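Below: one structure, written as structure tokens.
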Amino acid sequence: MGGLQIPMEHVLALAGLLFSCGLMGLMLRRNIIFMLMSLEVMLNAAALAFVAAGAYWGQADGQVIFLLILTVAAAEVAVGLGLVLQIQRRFKTLDMDQANRLQG
Amino acid sequence: MNLIPLIPFFPLASAALLLLTTGRMPRGIAAVLGAGSVGLSALCVALTAQQFLATGEIQQITLWTWMAIDGFTPGIAFYVDGLTVVMMSVITGVGFLIHLYSIEFMWEDESLCRYFTYMNLFVAAMLLLVMADNLLLLYLGWEGVGVCSYLLVGFWYRDPANGAAARKAFVVTRIGDTAMALGLFLLLAELGTLDIQPLMAQAANQWQAGDTLPIIAAALLLGGAVGKSAQLPLHTWLPDAMAGPTPVSALIHAATMVTAGVYLIARTYGLFLLAPPVLEAVAWIGLATLLLAAFTAMAQHDIKRILAYSTISQIGYMFLALGVGAFASGIFHLMTHAFFKALLFLAAGAVIHCLHHEHNIFRMGGLRSRLPVVFASFLIGSAALAALPFTSGFYSKDAILLSAWELEGIGPWLWAGGLLGALLTSIYSFRLVFIVFFGETQTEPDKQPGWKMAAPLLLLCVLSLIGGWFALPLAGVFPAGEGHGVNHTIEVISIGTPLLGLLIAYLLFLGRQVSISSLVESPTGARLKDFWFSGWRIDSLYDALWVRPYCAVAQWWQNEPVDKFYNAVVSLSQWAHRRLLVTQSGELRWYATTMVMALVLMLAFMLRNAP
């Protein structure tokens, strides 16, 4: 393996940092759009970890899973944005703390 | 044509007819049907009896097979021998007179149809009981009369007290019936048949006198007899059973049903002979009952309760007779008792009828000249009950006492007890006569008994007087006892005792030579009177021993203790549910946070446990 070597720990640390950012965003933001975006960040953090691991062991699996995650993320956004539109229409708000009508 | 199947058929058909018309039949027709069917039945019995007396031929008729289960085939079958003829004659003869009397007594009652339905059903069941060829059919009749007794004791059901009395009668007799059913099971299991005659023959073949099995079987049958015949310790239902109409008391609770136990023991005497200890127990039960009931009768105020206790006491004599092996004397006393006790009850009913349903003897008095027919009936009935010489009761009671005297060993003790009972009987019977019919008038009668009441009274008077001269065709039924040796001392004592009782009653209650009030008002006397009045406190004893504990347990069960556990499970689930409910807030961020927290915890746990 030639070229610039980025140590595995750095990549994983970045992935962990990104995941934590996404998680914090998910837990702290109220706006559904931001929550969805945080979710995307988390997905990408996980995907990054897969790619790094695939490169480390020289396996194609990591990249396959990355493609899968990309697809899932796209699908999720498609459905998620549709739901967001519905929520906006019904509740006239995107604040998820207001939209808790399912409460037992 | 054979008349035997018709005997129970007439009352049964009449009961069915009255039942199916559900009380819409005109009163006149219902009355004619009710009394007439028993009359027809009595006619058939008379013809059958005449035929039997002429030929002495025992008849056995199987109408059909009731059921057939693996070799056990009880039939609807009748067995008519001397004992059956006597019992049938008493049931239909006395029964017909009482039905006739009932027409007038119950005429004003709105439920006349219902009354005759039950009465006819009773007569049919009682006839089935005494005619049955096998013990299973006998048991059917046995339970049938129990049901009718229940229905008739609670006839005036609007008063809850009557319902309670009916329930008591039913439940207490049921205790005995359960014992009897167990006895039947035992006999069937051991001997393979319930047909009475083969059963007795087989028992005698298979068992020795004194074996354990016949003792158990006989004791169980005795349990049934004790319950039905109101003997110690199951006698408490009979005084309460007086809640029913008076003719019912006369027919069921004096003349016929309560003597079914005597009949049962007499019918299965072969089994009892194989169980000498049980036979001795029969005698002791009879003696204890007759004394206890006689003491109780002396302290009662209610005219019907006095007669009820006297019935218990007289059945005690019958048990005494059976116990000492004098089966024929027992049946003889059964018959004479049916005559004079039915007479006494009907006369008491007439008094009650004419005195606006007054039951307390201390509010009667001086009725001698106002109700002469009733007075004559009562006098004759009491004389027979007290066994004054040459009345029917004298002959039968004398025979019993003589048989008791002649028994080896315990005989003289039984005789002495029976004699004391005879003295007491005489005292309480004439106490009743003197208080009700002599002295000052307390209540004026507002009517006189009509012919339908007077005719049965007069006929029963005649029977009570001459009943002692009937020769019962029982020679072929029971083993011949050794002839009574003439013992003049014993006879003089037997004749003298009732007369002494009469004298005592006269001195105490009529002549007032001896003041009874000072005796009763002394502390001991008052306590004794209360003790006897309550029937030796046996009712309270049973209340404390069984009824109240049972009710307490029932009360406890009513609160469903088993459900307590399941209810606790339910409560716990509901509590946990309410606790968990708060986590379902519907807030997305909260869900996410909890998931993260759980993940962190799990991760921490896994890392800690990692090698």
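The values are calculated or read from the model by the stated rules, or taken from the named source; none is laboratory data. This is a predicted model, so every value here is computed, not measured. Here the Cβ is made from the backbone with ideal geometry for all residues, glycine too, and neighbour counts use every protein chain on show. Ligands, DNA and RNA are excluded from the accessible area calculation, which covers all protein heavy atoms including side chains. Shrake-Rupley method; radii C 1.70, N 1.55, O 1.52, S 1.80 Å.
Within the range B:570-589, can you find the residues that are surrounded by 10 or more Cβ atoms within 10 Å (Cβ to Cβ) and either under 41 Å from the mean Cα position of the chain (by Cα) or of a type in the set (A, V, I, L, M) (or both)?
Result: B:V570, B:L572, B:A576, B:L580, B:L581, B:L588.
Looking at the range A:49-104, which of its residues are loosely packed, with under 11 Cβ neighbours inside 10 Å and within 14 Å of chain B (Cβ to nearest Cβ)?
Across the range A:49-104, the qualifying residues are A:R101, A:L102, A:Q103, A:G104.
Restricted to the range B:436-451, and to residues that are touching a helix residue (DSSP H, G or I) at 6+ places or on another chain (Cβ under 6 Å) and open to solvent by less than 60 Å² (accessible area, probe 1.4 Å), which residue is farthest from B:I303 (Cα to Cα)?
Among residues in the range B:436-451 that are touching a helix residue (DSSP H, G or I) at 6+ places or on another chain (Cβ under 6 Å) and open to solvent by less than 60 Å² (accessible area, probe 1.4 Å), the one farthest from B:I303 (Cα to Cα) is B:G450.
Scan the range B:376-386 and give yes if some residue there is over 24 Å from the mean Cα position of the chain (by Cα), of a type outside the set (S, T, Y) and more than 19 Å from B:L499 (Cβ to Cβ), otherwise no.
Checking the range B:376-386: at least one residue is over 24 Å from the mean Cα position of the chain (by Cα), of a type outside the set (S, T, Y) and more than 19 Å from B:L499 (Cβ to Cβ).
So, of the residues in the range B:553-562 that are assigned to a helix (DSSP H, G or I) and open to solvent by 80 Å² or more (accessible area, probe 1.4 Å), which turns out to be nearest to the other protein chains (Cβ to nearest Cβ)?
Step one: list which residues in the range B:553-562 are assigned to a helix (DSSP H, G or I), which gives B:553-558, B:561-562.
Retained after the next criterion (residues that are open to solvent by 80 Å² or more (accessible area, probe 1.4 Å)): B:555-558, B:562.
Values: B:Q555: 41, B:W556: 40, B:W557: 39, B:Q558: 37, B:V562: 33 Å.
Per the stated criteria, the residue is B:V562.
Does B:A77 qualify as being outside any helix (DSSP H, G or I) and touching a Ser or Thr at 6+ places or on another chain (Cβ under 7 Å)?
Details: outside any helix (DSSP H, G or I): yes; touching a Ser or Thr at 6+ places or on another chain (Cβ under 7 Å): yes.
For B:A77, the condition - outside any helix (DSSP H, G or I) and touching a Ser or Thr at 6+ places or on another chain (Cβ under 7 Å) - is met.
Across the range A:1-12, which residue is nearest to the other protein chains (Cβ to nearest Cβ) among those that are in a helix (DSSP H, G or I) and open to solvent by 60 Å² or more (accessible area, probe 1.4 Å)?
Applying the filter and picking the extreme gives A:L12.
So B:L127 fits all but one of (1) open to solvent by less than 10 Å² (accessible area, probe 1.4 Å); (2) not in a helix (DSSP H, G or I); what number is the exception?
Here B:L127 clears every test but (2).
Please work out if B:A598 is free of Cβ contacts under 8 Å to residues at least 24 places away in the same chain, surrounded by fewer than 10 Cβ atoms within 10 Å (Cβ to Cβ) and not β-branched (V, I, T). Steps first, answer last, please.
Values: free of Cβ contacts under 8 Å to residues at least 24 places away in the same chain: yes; surrounded by fewer than 10 Cβ atoms within 10 Å (Cβ to Cβ): no; not β-branched (V, I, T): yes.
So B:A598 fails the test.
Table: residues versus (1) open to solvent by less than 10 Å² (accessible area, probe 1.4 Å); (2) of a type outside the set (S, T, Y); (3) under 30 Å from B:L199 (Cα atoms).
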{"residue": "B:S249", "(1), (2), (3)": "yes, no, no"}
{"residue": "B:F272", "(1), (2), (3)": "yes, yes, yes"}
{"residue": "B:A293", "(1), (2), (3)": "yes, yes, no"}
{"residue": "B:K304", "(1), (2), (3)": "yes, yes, no"}
{"residue": "B:L334", "(1), (2), (3)": "yes, yes, yes"}
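Mind listing just one residue for me: the one in the range B:106-124 that is aliphatic (A, V, I, L, M) and open to solvent by less than 10 Å² (accessible area, probe 1.4 Å) and, of those, farthest from B:A350 (Cα to Cα)?
Here is the first cut: in the range B:106-124, the ones aliphatic (A, V, I, L, M) are B:106, B:112, B:119, B:121, B:123-124.
Filter once more, keeping what is open to solvent by less than 10 Å² (accessible area, probe 1.4 Å): B:106, B:112, B:119, B:123-124.
Numbers: B:M106: 11, B:L112: 18, B:M119: 19, B:V123: 22, B:A124: 26 Å.
Taking the candidates together, the pick is B:A124.
Would you please name the residue that is nearest to the other protein chains (Cβ to nearest Cβ), looking only at residues in the range A:18-37 that are in a helix (DSSP H, G or I) and touching a Leu at 6+ places or on another chain (Cβ under 8 Å)?
Ranking the candidates gives A:L26 first.
Scan the range B:1-20 for residues that are outside any helix (DSSP H, G or I) and open to solvent by 40 Å² or more (accessible area, probe 1.4 Å) and jot them down.
B:M1, B:N2, B:L3
For the range B:563-593, enumerate the residues that are among the β-branched types (V, I, T), assigned to a helix (DSSP H, G or I) and within 10 Å of another protein chain (Cβ to nearest Cβ).
B:T593 - this is the single residue of the range B:563-593 that is among the β-branched types (V, I, T), assigned to a helix (DSSP H, G or I) and within 10 Å of another protein chain (Cβ to nearest Cβ).
Just to be sure before I move on: is B:G535 on the phi > 0 side of the Ramachandran plot and within 14 Å of chain A (Cβ to nearest Cβ) in the structure I sent? Lay out the reasoning, then the answer.
On the way: on the phi > 0 side of the Ramachandran plot: yes; within 14 Å of chain A (Cβ to nearest Cβ): no.
No; evaluated as a whole, the condition is false for this residue.
Just for the range B:523-539: of the residues that are part of a helix (DSSP H, G or I) and of a type in the set (F, W, Y), which one is most open to solvent (accessible area, probe 1.4 Å)?
Per the stated criteria, the residue is B:F533.
Those residues that are of a type in the set (S, T, N, Q), open to solvent by 30 Å² or more (accessible area, probe 1.4 Å) and closer than 30 Å to B:I29 by Cα, I need them from the range B:65-105; list them, please.
The one that is of a type in the set (S, T, N, Q), open to solvent by 30 Å² or more (accessible area, probe 1.4 Å) and closer than 30 Å to B:I29 by Cα: B:S89.
Hey, any hits in the range B:196-210 for a residue that's modelled with pLDDT under 90, surrounded by 19 or more Cβ atoms within 10 Å (Cβ to Cβ) and under 24 Å from the mean Cα position of the chain (by Cα)?
Looking through the range B:196-210, at least one residue is modelled with pLDDT under 90, surrounded by 19 or more Cβ atoms within 10 Å (Cβ to Cβ) and under 24 Å from the mean Cα position of the chain (by Cα).
With the requirement that a residue be crowded, with 24+ Cβ neighbours inside 10 Å and of a type in the set (S, T, Y), what does the range B:371-415 give you?
Answer for the range B:371-415, where residues must be crowded, with 24+ Cβ neighbours inside 10 Å and of a type in the set (S, T, Y): B:S377, B:S382, B:T391, B:S392, B:S396, B:S403.
Which condition does B:Y550 not pass, out of (1) open to solvent by 100 Å² or more (accessible area, probe 1.4 Å); (2) farther than 30 Å from B:T289 by Cα; (3) among the hydroxyl-bearing types (S, T, Y), if it passes all the others?
Answer for B:Y550: the failing condition is (2).
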